[in-house]
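Read-outs: derived from the displayed coordinates by stated rules, not from any lab. A quick note: this is a predicted structure, and the numbers were derived from the prediction, not measured. Because the Cβ atoms are built from the backbone with ideal geometry, glycine has one as well, and the counts that use them run over all protein chains shown.
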Amino acid sequence: MQRTLISQAPQKIGQEVLLKGWVNARRDHGKITFIDLRDRTGIAQTVFVNSEKVKDIRREWVLEVVGAVKKRPEDMINPDIPTGKVEIEVKTLNILAVAEDTPFEIDSLGMEVNEELRLKYRYLDLRRPRLTRNLRMRHKIIKFIRDFLDKNDFVEIETPILTKATPEGARDFIVPSRLRPGNFYALPQSPQQYKQLLMVAGFEKYYQIARCFRDEDPRADRAYGEFTQLDIELSFPTREEILLLTEELYKSIIKKFFPEKKLTFDKFPHLSYDEVMKKYKTDKPDLRKDKNNPNELAFCFVVDFPLFEWKESENRWDSMHHPFTAPKEGAVPNLLAGKDIESLKALQYDFVLNGYEIGGGSIRITDPEIQTKIFEIMGHKKRDIEAKFGHLLEAFKYGVPPHGGIAPGIDRFLMIVFNEPSLREVIAFPTNSSGRTAVMDAPSDVDNQQLKELKLSVTKK
């Protein structure tokens, strides 16, 4: 007999069905036992009469049952679940797996449970309806994004995970090479240089649901180690075209998946960096009219950032965004002359929602002279520029089109629209606040043979 999903049971009244799933709850009433069986599609009540086999069954056991779908009596209908008008009178039972008592309740929201315990048993935590909904909705939204961009003639291209260490604003995760002892790969902080090289290659419209890796301190709205971003790059764009594409995409997401949400602005406002810093004292303004309304969404773009910021601790200039951001046209003469560095403006923009930066982008530099000057102002020596960025400067010699892009973060956006307190509530297996991974408890020691093959040794303090 073919398996029937629980959500299909109401359409099979009078028929015999095979159900498989987890025990969500049990209730004993004399010789009758009710077991709520759960699968990925829902919960259904199963009924056992005078069955010895059910006496030991507990929550989260995995069962296979065959039985007849029948209408419930009027006074036993459960209006809270889609299958509440039917029940399955079980004829045969097969226990597929037993389960120990779970270390915490899994039918609550979970906020009352210690987070370290939740992450240790994340596979149980993910059985919560709230987290199941978050991850299933995440899948649907990412699929929608892909479909939207496909219809707009973008091509999805995967870029390397093992790449080169280049200074892009955060610490790199490095990976030792066995084939080239003493050399290291870096995990990408973003696909930034690869997507620019794809523009040189002539693809013109690229996107990727990209995994990015940054060794930054964790916080509630920033996961440690890795995150997912929607990476977009276009050739021959204006800034306004990129921002309009982004606005259309996110309006479409809200309309389809979150009809209960209200947009503060019909058109996402474009505010200058100087304006928001003067008015709101932050470059991530929360523009909601009612900040206590969980269904209000205030999107905006912040534009015209400074090209550089002064790093007091390092006594040097650094790029405000990343070193591949183009200066505004009027800033080029002073840039090349090394004058008025603090007043130079960039073709950079941030995408902001309810006081959180959910993405950023820019028009890119395509002139090798300007790119080299940016690196020099940041303090890079010519030898370092060639070693770390020579491949990009070389590519610019072969017909590079004007290009730009944006990279909204998937995790942070979902955290906001799901009204969750932390990114960890929208990621399947997140790291904890001390940087250790859920369930598998990485980082961990490696055996001496692996170190020997890599020609590495570990000195412990």
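Region 382-446 and region 37-96 have Cα centres separated by 45 Å. If you plug the beta carbon distance of residue 137 and residue 32 into 1/(1 + (r/R0)^6) with R0 = 35 Å, you get a FRET efficiency near 0.40. Coordinate range of the alpha-carbon atoms in region 383-453 per principal axis, descending: 48, 47, 17 Å. Normalising by residue count, region 215-267 has a Cα convex hull of 145 Å³ per residue. Rg to Rh ratio, region 159-202, alpha-carbon atoms and Kirkwood radius? Radius of gyration over Kirkwood radius for region 159-202 works out to 1.03. Extent of region 256-387 along its three principal axes (Cα atoms, max minus min coordinate, largest first): 55, 30, 28 Å. Taking other C-beta atoms within 10 Å as the exposure proxy, 410, 35 rank 410, 35 from fewest upward.
Modelled label positions at residue 434 and residue 226, each set 7 Å beyond Cα in the direction of Cβ, lie 2.2 nm from each other.
Comparing region 64-212 with the 2.2 N^0.38 Å rule of thumb, its C-alpha radius of gyration ratio is 1.69 (two decimals).
Subtracting the Cα-Cα distance of residue 123 and residue 329 from their residue separation scaled by 0.36 nm leaves 68.9 nm. Charge tally around residue 2: other residues with Cβ under 12 Å, Lys/Arg +1 each, Asp/Glu -1 each, net +2.
For residue 339, give me every one of the lysines with a C-alpha distance below 30 angstrom, ignoring sequence neighbours fewer than eight places off in its own chain. Result set, ordered by chain and number: 278, 279, 281, 284, 311, 328, 373, 381, 382, 388, 397. Bridge orientation summary for region 120-426: considering DSSP beta bridges with both residues in this region, about 85 percent are antiparallel. Comparing region 6-97 with the 2.2 N^0.38 Å rule of thumb, its C-alpha radius of gyration ratio is 0.97 (two decimals).
With R₀ set to 41 Å, the beta-carbon distance separating residue 41 from residue 293 gives a calculated FRET efficiency near 0.80. Relative contact order, whole percent, for the chain stands at 13, derived from Cα pairs under 8 Å and 6 or more residues apart.
FRET efficiency for the pair residue 262 and residue 215, taken as 1/(1 + (r/R0)^6) with r the Cβ-Cβ distance and R0 = 35 Å, rounds to 0.35.
Under 20 Å from a point placed 7 Å out from the Cα of residue 453 along the Cα-to-Cβ direction: which residues of region 132-172 have their backbone N that close? Residues 161-163 fall inside that zone. Run the dipole for region 6-97 about the Cα centre, Lys and Arg Cβ at +1, Asp and Glu Cβ at -1, nothing else charged, and hand back the magnitude in debye, nearest 20. The dipole magnitude comes to about 80 debye.
Semi-axes of the equivalent ellipsoid of region 134-275 are 30, 19, 17 Å, computed as sqrt(5λ) over the eigenvalues of the C-alpha gyration tensor in descending order. Dividing the convex hull volume of the alpha-carbon atoms in region 336-393 by its residue count gives 117 Å³ per residue. By the Kirkwood approach, averaging reciprocal distances over each pair of separate Cα atoms, region 67-130 gets a hydrodynamic radius of 14.9 Å.
All C-alpha pair distances within the chain, sorted into 10 Å bins from zero, spread as 4, 16, 23, 21, 16, 10, 6, 3, 0, 0 percent across the bins. Dividing the summed -39500 (n - 2.57) terms of all DSSP H runs of n ≥ 4 by the residue count of the chain sets its mean residue ellipticity at 222 nm at -7500 deg cm²/dmol.
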